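The values are calculated or read from the model by the stated rules, or taken from the named source; none is laboratory data. Model, not experiment: these values are computed from the prediction. Cβ placement follows ideal geometry from the backbone for every residue including glycine, while neighbour counts extend to all protein chains displayed. Please note that ligands, DNA and RNA were not included when accessible areas were found on the heavy atoms of the full protein model with its side chains. Shrake-Rupley method; radii C 1.70, N 1.55, O 1.52, S 1.80 Å.
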Amino acid sequence: MKIAHVRERFAPAGASWRLAAAYGTGDAPARWIDLEAARRRAIRVRPTLEHDSAVHRRPLTTLDEHLAGGLRIEALRDLTEGFEPRSEDDAAVLDVADLAFGPPLLRPPSLRDFYAFEGHVRTMWERRGGEVPETWYRLPIFYFSNVSEVRGPDDPIWSAIDLPADRAEEAIGGYTIFDDWSARDLQREETVVRLGPAKGKDFASSFGPWLVTPDELADARSGTGFDLAMTATVNGTETSRGRWSDAQFSFGEMVARASADVHLRAGDLIGSGTVGTGCLLEVRDATLGRYLEPGDEVVLTVDRLGSLRNPIVARTP
């Protein structure tokens with residue numbers, strides 16, 4: 001089964017993508033079935049399908065929506081098996097020459113790219129005068145890429161939007177506290193390969209306790225940020241203290257950088273990075289003398305933004 005997002009090549013600007021499946025076999029199918037049309041047709045023939053079959057129960061828009069509804073791609077086969085065109089001009093059957101194809105997933109929740117081919121890895125390390133680290137042979141290393149700029153076949157790769165630093169803060173809806181948890185044991189090994197960290201960061205991120213709109217901070221503006229204290233405590237012991245205004249770059253500059261050649265979308269989260277002394281890798285010996293353990297409680301506090309509190313627990317067996 002081949003599944004694709006399609007729309008007519010000469011459809012009006014802004015026309016929605018339609019979910020389609022290849023009709024027939026071969027590597028380059030000449031005809032495609034409009035799956036929403038097939039779904040509606042099947043219900044007209046057997047009305048009980050709308051109640052008995054999950055894939056027939058609601059309109060088909062995109063594969064993203066289908067997966068978000070908890071259904072597997074394989075469920076779409078129910079719409080293709082046994083499908084027969086009604087005529088040569090069946091509106092449910094689309095000719096490939098009339099179609100433009102989009103990416104198979106329009107807005108994937110995440111995108112991880114691994115580093116799995118030894119020939120490529122070895123060549124890149126040899127060009128730098130080194131050898132492939134032993135870690136590469138043990139850990140499947142990956143990095144995260146940008147899901148806001150997924151493109152499909154024939155889509156040009158170009159600069160989408162570029163915010164100027166002096167106006168970029170107009171795009172900020174509010175501020176909150178961000179705790180980007182790190183597994184230093186995993187990170188230590190992954191970064192040996194010079195691609196990552198991946199799983200060293202890919203397990204938890206905390207945000208909260210709420211969102212504060214920029215107008216509430218305006219009178220505290222200072223330098224690149226706001227003259228607001230930032231602290232961290234573990235079990236009530238202060239391990240970090242700094243000020244938002246210590247940042248080298250303003251959020252305007254950071255948003256401008258993040259928006260270079262890509263769209264920033266409503267709801268995107270952008271972090272400033274860690275304030276000086278804000279992680280135990282920096283201050284462990286002078287504070288706790290160890291890394292975090294189950295039973296600890298970490299509290300990050302930023303003036304006017306509140307306190308973000310998280311317990312550390314053992315991994316569930």
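Quick notes on this one:
- Leading residue by the ranking (nearest to the chain's Cα centre (by Cα)) among those in the range 246-261 that are closer than 18 Å to Gly173 by Cβ and part of a loop (DSSP other than H, G, I, E, B): Ser259
- Among residues of the range 160-187 that are within 30 Å of Leu280 (Cα to Cα) and free of Cβ contacts under 8 Å to residues at least 40 places away in the same chain, those with a beta-carbon under 6 Å from a residue that is open to solvent by less than 70 Å² (accessible area, probe 1.4 Å) and not in a helix (DSSP H, G or I) at least six positions away or on a different chain give the pairs Trp181/Ala204; Ala183/Gly200; Leu186/Gly200; Gln187/Pro197; Gln187/Gly200.
Let's see how each residue does on (1) modelled with pLDDT of 95 or more; (2) of a type in the set (Asp, Glu); (3) farther than 24 Å from Ala100 by Cα:
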residue: Gly24; (1), (2), (3): no, no, no
residue: Leu35; (1), (2), (3): yes, no, no
residue: Ala42; (1), (2), (3): no, no, yes
residue: Val45; (1), (2), (3): no, no, yes
residue: Ala54; (1), (2), (3): no, no, yes
residue: Arg58; (1), (2), (3): no, no, yes
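- Complete set of residues in the range 97-134 that are of a type outside the set (Phe, Trp, Tyr), over 21 Å from the mean Cα position of the chain (by Cα) and surrounded by 15 or more Cβ atoms within 10 Å (Cβ to Cβ): Leu99, Ala100, Val121, Val132, Pro133
- Selection from the range 269-290 of residues that are in a loop (DSSP other than H, G, I, E, B) and within 23 Å of Gly225 (Cβ to Cβ): Leu269, Ile270, Gly271, Ser272, Gly273, Thr274, Val275, Gly276, Thr277, Gly278, Cys279
- Among the residues listed as Ser222, Ser245, Ser240, the single one being open to solvent by less than 20 Å² (accessible area, probe 1.4 Å), among the hydroxyl-bearing types (Ser, Thr, Tyr) and more than 30 Å from Val147 (Cβ to Cβ): Ser240
- Residue match in the range 180-201 (condition: more than 30 Å from Glu131 (Cα to Cα) and open to solvent by less than 40 Å² (accessible area, probe 1.4 Å)): yes
- Members of the range 118-162 found to be among the charged types (D, E, K, R), farther than 27 Å from Leu264 by Cα and not in a helix (DSSP H, G or I), listed by number: Arg128, Glu131
- Within the range 107-128, the set of residues being within 24 Å of Val150 (Cα to Cα) and either in contact (Cβ under 8 Å) with a residue 12 or more places away in the chain or among the acidic types (Asp, Glu) (or both) comprises Arg107, Pro108, Pro109, Ser110, Leu111, Arg112, Asp113, Phe114, Tyr115, Ala116.
- Scan of the range 28-55 for residues that are free of Cβ contacts under 8 Å to residues at least 24 places away in the same chain and within 19 Å of Trp17 (Cα to Cα), ordered by number: Arg40
- When restricted to residues that are among the hydrophobic types (A, V, I, L, M, F, W, C), at pLDDT below 90 and touching a helix residue (DSSP H, G or I) at 6+ places or on another chain (Cβ under 7 Å), the range 184-227 contains 3.
- Here Arg122 fulfils each of the conditions (1) over 15 Å from Arg194 (Cα atoms); (2) at pLDDT 90 or above apart from (1).
- Pairs linking a residue in the range 80-91 that is open to solvent by less than 100 Å² (accessible area, probe 1.4 Å) to a residue that is in a helix (DSSP H, G or I), with Cβ atoms under 7 Å and 6 or more positions apart or on different chains, are Phe83/Ala38; Ala91/Ala37.
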